[in-house]
Structures are given as structure tokens and as C-alpha cells.
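Just so it is clear, none of the values below were taken in a lab; they were calculated from the coordinates. Computed from a predicted model, the values in this text were never measured in an experiment. Cβ placement follows ideal geometry from the backbone for every residue including glycine, while neighbour counts extend to all protein chains displayed.
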Amino acid sequence: MKINILQGAFLPVPPSKGGAIESAWYSLGRKFASKGHEVIHYSCMDKGLPKTETDGGVKYLRIQGATSVTNPYLLKILELPYVLRSRKVMTSADILVTHAFWAPILFPKASYGKLYVHVGRYPKGQLRLYKKASRFQVPSKSIEDVSKGQIPAQAFKVKTLPYPLTWDPSQKENLNHKEKVVLYAGRIHPEKGVESLLQAWGKLSNEVARGWTLRIIGPWKEEQGGGGKKFRDRLVKITKTTQNEVEFLEPVFDRDALKKEMEKATFFLYPSEAKDGETFGLAALEAMSCGCIPIVSDLPCFADFISFEEAGFCLKQGVNMNMEEAIREALPKILILNESQTRKLGLSVWDRSKEYEIEKVAQDYLDDFNSLLQK
């Protein structure tokens, strides 16, 4: 079949500047092509990337995009010209996958492919505008429930299909060289709970934190989805007030390098406070594929792939308890685990992650595409 994939206006493909949605659909597009399907992947221009190229069996067509901003309303305005330009150059197909805000409104119902809307962000009411959509694909059961609640008349169009692992799970022997590192890898943004993490880490007793390093990696610039320089400077200032070991590193966009960081770390701490933001938590799944034990906030999306206590830990916030307090309560019980216990947990999360390998997940998407084409 012919498949069009239209990304948003702000992050390039290949995902050289990060982005879970971009990473997932880049991997899926290449897997679709390897199975004999004709794939054209539309995304924004970026320095060093040609306007058109064919690689891995996928044709990549790049269109003038925009620089990301923090204001969500301005973000939508900036994306509008990009979507209109995309419509001018797009060719017909059977399926059009998109997460761009304006595309399901401005594109015809089927000329460029049946509209397959990827709900990659927590829906804020926009789904009711997408009357022409054939499918609302969501990455987790919790977002399925939210979406169906917002569009009850179109609830039958909502389907949960997860993100795939964007790399192969680590070789088992690579799980034997863990360091005493607690890793956070993700956007450096207020909603991600990074400030709460640093505050909590700084208040852990030396007895609990001794020998452990908190390593923070991620994009902080606003155009990369971060909280900006002022926010980063505030975080760096916090790190200088603690005697516990902290490393605050620049973002790692090279996928192989990021995987190595996850293979080294024992724990992956992801204290997201984005109650109306997280839809899946791909970074936590990627960490699991490296035998890195997830410690995550109690947002419902994580329950789809983490069996708490057996294969990961949940930062449960009690009544009137904030995220900093939840982290401070949880870590003394977790960091005390011995090497045998962490190895057992690491193997468990690694094994669980294999259910999300690209081969299986891509086939689930292709089966769903086919089901729509038969209607």
C-alpha cells in the first residue's frame, strides 16, 4: 500500500534533535518500507538535510517549517503555513498518518490517504474538529479513555497502538556492566519534574546517596522543547547546593550514544508531572530495553508497560504530597537494593520491553491500515 507520513513543523526526520513522535514514526516508516510498502515521509527542513532523498526504502520530502516556541497558541499559528505547504506537494496514497494540528482539518478526507490521526499529545478538545478522520490512534489505554470521552460520537474510531522500541533491545551480556547511576533522559522542562528530582536528590542523606550519581541528560532550549536557559540555570544552581553527586549533561541526540548511557545506568528516574501531557513514556520503555529499571510518576500511561514492584517502581504521591516528597520517600527503599536484586529487576524489565519490538508493533499498524482500507 501507499503510506504518507506527515510530521509536525518543528522537529526534523531523521530525529537528529529528539522527539518521541518523530523517532517512532521514523522507525515505523522504514519498517513499513522494508515490508514492501511505498512510504513518503514529509517533515520540516533542517540544516544539512536535503529537500528530497530516498533512504532505507523511504522517500523523504522536507518542507519549510518553523522554530518551536513555548506558547501553545502561537505554536499552532506557526504550524499552519507548513501544513498548507505540505498539502501543495503531497501525492495521493492509501493512508495519511499525521499528528500535525491543522492537517485533519485542512486536508481532504481521502485524497492523500485515509486520515490516520496520531494522538501523540494529551488531547485538549481538538479531536472534535477532526470529523474527516478515519482513525484516532492513541499510544496508551489512558489516552484512549480520554479521547473517547471527548468524542463520544466517534469513539469507535479510537484505537490504542503503542509506540515501538526505536532500537533493538540490548544484548543480554551488555546488562552485566551496570554502574551506580540514576539516569534522567528527556526534555529539561518544568512539567517533567526535573526540578523536583534535583531538590529531592539534594536532600537525601549521604548514607542513602553514597556511591550513587544522578545523571541528567536532555534538551533545554525552547526550540527543542525545553524550558529555556533561565530554567536550566536555575537547575544548575540547585546542583551546586548539594554534596550528593550530580552530573548535568548536554542533550544526547545520537541514538547509539543514548543507548549506551541507558545500558550503563541501573535506574531510570522519570518523575513527569505532566498530568495533561504524557501519553506513553517512550523514554522509559527504551531504558527498560537496556535493562535500566524505571522509577516513574503515577501517571496512568506508564501502567500499560510497567508492572510495578515486579519490573519497576512508581512514585506514589500520597495526600498533600508533592513530587519532591514522593521521590525522597521512594529512593531510600530503592537505592538500598543489592546487586543481585537490581540484576533480577533489570532482566525482568528487559524481557518486558521485547513485547514492543519494531517488527511486531509495525505489523499491528499495517493490520490496522488494512482494516480501514477494507471499509
Segment 172-355, dipole about Cα centre (Lys/Arg Cβ +1, Asp/Glu Cβ -1), debye to the nearest 20 | 460
Could you bin all the Cα-Cα distances of segment 1-157 into 5 Å bins starting at 0 and give me the percent of pairs in each, rounded to whole numbers?
-> 2, 9, 19, 23, 22, 16, 8, 2, 0, 0
GNM result for the chain, Cα springs below 10 Å: residue of 273, 222, 173 fluctuating most strongly = 173
Please give the helix 20-34 orientation as an angle from the longest Cα principal axis of the chain, in degrees from 0 to 90, rounded to the nearest 10.
-> 50
Comparing 77, 143, 151, which has the greatest mean-square fluctuation in the GNM of the chain with Cα pairs linked when under 10 Å apart?
-> 77
At 25 °C in a medium of viscosity 0.890 mPa s, the chain has a Stokes-Einstein diffusion coefficient, with Rh taken as the Kirkwood radius over alpha carbon pairs, in µm² per second, of 115
What whole number of Å gives the distance from the Cα centroid of segment 88-152 to the Cα centroid of segment 215-240?
-> 32
Output the relative contact order of the chain, whole-number percent, from Cα pairs under 8 angstrom with separation of 6+ residues.
-> 16
If 324, 310, 38, 286 are placed from fewest to most neighbouring beta carbons inside 10 Å, the sequence is 310, 38, 324, 286
Go through 188, 236, 217 and say which Cα lies farthest out towards the positive end of the charge dipole of the chain; charges sit on Cβ, +1 for Lys and Arg, -1 for Asp and Glu.
-> 188
In whole angstrom, how far apart do the alpha carbon centroids of segment 307-329 and segment 251-282 sit?
-> 17
Apply 1/(1 + (r/R0)^6) to the Cβ-Cβ distance of residue 319 and residue 153, taking R0 = 30 Å, and write down the FRET efficiency to the nearest 0.05.
-> 0.20
The size of the Cβ-based charge dipole (Lys, Arg +1; Asp, Glu -1) of segment 69-157 about the Cα centre, to the nearest 20 debye, is 200
What is the calculated FRET efficiency for residue 38 to residue 191, with r their C-beta to C-beta distance and R₀ = 30 Å, to the nearest 0.05?
-> 0.20
Hey, rough spin-label estimate for residue 354 and residue 241, points 7 angstrom out along Cα→Cβ, what's it come to in nanometres?
-> 4.6
Per DSSP H run of at least 4 residues, take -39500 (n - 2.57); add these up for the chain, divide by its residues and hand me the 222 nm value, nearest 500 deg cm²/dmol.
-> -10500 deg cm²/dmol
Least to most buried among 116, 365, by other C-beta atoms within 10 Å and fewest first, runs 365, 116
About its Cα centre, how strong a charge dipole does the chain have in debye, to the nearest 20, once Lys and Arg get +1 and Asp and Glu get -1 at the Cβ?
-> 1280
Report, to two decimal places, the Cα Rg of segment 172-355 normalised by 2.2 N^0.38 Å (N = number of residues).
-> 0.95
Rel. contact order, % - alpha carbon contacts under 8 angstrom, at least six apart, segment 216-284 = 28
Using the alpha-carbon atoms, what tilt in degrees (0 to 90, nearest 10) does helix 358-373 show relative to the longest principal axis of the chain?
-> 30
Let me have the relative contact order for segment 1-115, percent, based on Cα pairs under 8 Å that are six or more residues apart.
-> 30
When the label point is put 7 Å from the Cα of residue 84 along its Cα-to-beta-carbon vector, which residues of segment 37-69 have a backbone N closer than 16 Å?
-> 64-66
Degrees between helix 72-89 axis and first principal axis of the chain (Cα, 0 to 90, nearest 10) | 40
Gain on full stretching of the segment that runs from residue 69 to residue 340 - 0.36 nm per residue minus C-alpha separation = 93.0 nm
Using the count of nearby Cβ atoms within 10 Å as a rough guide to exposure, how do 37, 177, 189 rank from fewest to most?
-> 177, 37, 189
